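Trainee: The structure under discussion is supplied below as structure tokens; questions concerning it will follow.
The values are calculated or read from the model by the stated rules, or taken from the named source; none is laboratory data. As the structure is a prediction and not an experimental result, all values here were calculated from the model. We place every Cβ from the backbone using ideal geometry, glycine too, and count neighbours over all the protein chains shown.
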Amino acid sequence: QVQLVESGGGLVQPGGSLRLACAASRSIFSADTTSWYRQAPGKERELVASISRGSSTNYAYSVKGRFIISRDNAKNTVYLQMNSLKPEDTATYYCYAYYSWQEDYWGQGTQVTVSS
């Protein structure tokens, strides 16, 4: 069993920045892929960014150029640096780790609110 704990959410003005962190209780490097998803009220959960074991990254079109996903293997932590935030980025952000088809985990989520 792996525990994923997100932190770093909060209230920020449009144009501002936040850095989310996802701390894992087990080696994050051994995960095949680690991702950030988000879900806004009344909307489906969507993929925001992902990073593979080989450090390949993938971003949703809506955040490309503004968000950066990274990983610190020594700290078993994945980060999401969010810049130039917009009101439409408001959502609960979830960390997801895929180790295999039989083993994947979700964090509890952290709220990000972009508002003036």
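Residue-by-condition table, conditions (1) within 10 Å of the chain's Cα centre (by Cα); (2) among the hydroxyl-bearing types (S, T, Y):
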position: S35; (1), (2): yes, yes
position: V48; (1), (2): yes, no
position: R53; (1), (2): no, no
position: Y61; (1), (2): no, yes
position: S115; (1), (2): no, yes
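Trainee: Same structure again: Within region 24-41, can you find the residues that are over 13 Å from L80 (Cβ atoms) and either at pLDDT below 95 or hydroxyl-bearing (S, T, Y) (or both)?
Mentor: In the first step, residues of region 24-41 are kept if they are over 13 Å from L80 (Cβ atoms); the result is 24-33, 39-41.
Within region 24-41, A24, S25, R26, S27, I28, F29, S30, A31, D32, T33, P41 meet the criteria.
Trainee: Here's something else I'd like to know. List every residue pair whose Cβ atoms sit under 6 Å apart, with the two residues 6 or more apart in sequence or on different chains, where the first one lies in region 32-54 and is among the basic types (K, R) and the second, anywhere, is at pLDDT below 95 and part of a loop (DSSP other than H, G, I, E, B).
Mentor: Partner pairs satisfying both residue conditions: R53/D32.
Trainee: Another question about this same structure. Within the set of pairs 6+ apart or on separate chains, which have a first residue in region 81-98 that is more than 14 Å from S115 (Cβ to Cβ), a second that is part of a helix (DSSP H, G or I), and C-beta atoms under 8 Å apart?
Mentor: Listed pairs, sorted by first residue: M82/D89.
Trainee: Identify the residue in region 1-23 that is modelled with pLDDT of 95 or more and assigned to a loop (DSSP other than H, G, I, E, B) and, among all such residues, is surrounded by the most Cβ atoms within 10 Å (Cβ to Cβ).
Mentor: G9
Trainee: Looking at R53, is it of a type in the set (K, R), in contact with a Phe, Trp or Tyr (Cβ under 8 Å, 6 or more places away or on another chain) and surrounded by fewer than 19 Cβ atoms within 10 Å (Cβ to Cβ)? First the steps, then the outcome.
Mentor: On the way: of a type in the set (K, R): yes; in contact with a Phe, Trp or Tyr (Cβ under 8 Å, 6 or more places away or on another chain): yes; surrounded by fewer than 19 Cβ atoms within 10 Å (Cβ to Cβ): yes.
So R53 passes the test.
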